[in-house]
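In what follows, a structure is listed as C-alpha cells, so that the remarks can point back to it.
The values are calculated or read from the model by the stated rules, or taken from the named source; none is laboratory data. Predicted model only: the values in this text are computed from it and were never measured. Methodologically, a virtual Cβ is constructed for each residue, glycine included, from the backbone with ideal geometry; neighbour enumeration extends over all protein chains shown.
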Amino acid sequence: MIVMTATGCIGAVDRGDFEDIVHERGGGLVSTLPNEAIAALRERLSVNDFQVGVIMLTAPNSSQFRLVVPDQPDQLTRFLDGKHDFAGPQAVARMRIRVPQQPEQLDDYSFAHGALSTPSPVRVAASDDLDGESFAVSEVTGLSRVEEIVDTAIARSGLDNGYVSVILVNRFGRDVLITVNVISPRAEAIAQFDSTGAFIRVQRA
C-alpha cells in the first residue's frame, strides 16, 4: 500500500516523482481500502450484511479530482450534491448506507487511515426510491479485485499517462455497476464493470 504525505520529498524520492509513481500504479487504490471499510462498518453495525446506495473510492492526492458519469442515476446525483469535499491527500472509502434497523433512513460514512467516521445523517425525500436504488454490499464481490479493475480500466482507456482518480459503485436500473474514472493530462475515460469486476465497456468522456 502506498502512503501519501504532505511533505516535499519522501525519503530520496522527490514529491513530484512520488506522485508519478502513484499514478503509474493506477492512482493508489487497492482492495484493502473497501474491504477494511466494509469490515469496520459490519462491526460497527453488528450485522453481516447491509444495504448501500453509493460506494465511492477516491485516490490519494486527489487534488485533480474530476468525475464524469454517463447517464448518472438520481441517487448518485444526490450523493454528489451533498457538499462533500472529495479532494484530499489520502485514499478514502465513502459509503451511503441504509440504517439496518430503520431502512427508511440513510447515513454517510467515510473510512481512511484505518478509521471509520461517525455516521452523518442524510435527508430522504418521500420521492426517493430507496428500495430500487440500494443493494447488498455483499453483492459487490468485485471490490476484492480493485487492483485488477484499475489495471484493466487504464489499459482499456488507451490514455497516455492515465490513472484512476475515483471508483464508484451504484445501481444503474437493475444492475449494480462499478464505474472507474480514468484521467490523463489530455483526456478522460469511463470504464464500467459488473458487480463481480468483469469488464463491460469503456468510453471517452
Checklist outcome for this item: Expected single match for assigned to a helix (DSSP H, G or I) and touching a residue at least 24 places away in the same chain (Cβ under 8 Å) among Val166, Val180, Val150 is Val150
Checklist entry - With respect to Val22, is the statement that it is modelled with pLDDT under 65, in a helix (DSSP H, G or I) and among the aliphatic types (A, V, I, L, M) true? => result yes
Next on the checklist: Of everything in region 149-182, what is buried (at least 22 other Cβ atoms within 10 Å of the Cβ) and of a type in the set (A, V, I, L, M)? Give them in sequence order.
Outcome noted: Ile149, Val150, Ala153, Ile154, Val164, Val166, Ile167, Leu168, Val169, Ile178, Val180, Val182
Checklist entry - How many residues does region 183-198 contain that are assigned to a strand (DSSP E or B) and surrounded by fewer than 20 Cβ atoms within 10 Å (Cβ to Cβ)? => result 3
Checklist entry - Could you give every pair whose Cβ atoms fall below 6 Å, whose first residue belongs to region 128-141 and is in contact (Cβ under 8 Å) with a residue 60 or more places away in the chain, and whose second residue is part of a helix (DSSP H, G or I) and surrounded by 15 or more Cβ atoms within 10 Å (Cβ to Cβ), counting only separations of at least 6 or pairs across chains? => result Glu133/Gln75; Val137/Ile38
Item to check | strands (runs of 3 or more DSSP E) wholly inside region 87-144 containing at least 3 residues that are surrounded by fewer than 20 Cβ atoms within 10 Å (Cβ to Cβ) | outcome: 102-112, 120-122
Item to check | Top-ranked residue of region 33-67 - restricted to ones that are of a type in the set (Val, Ile, Thr) and surrounded by 15 or more Cβ atoms within 10 Å (Cβ to Cβ), ranked as modelled with the lowest pLDDT | outcome: Thr58
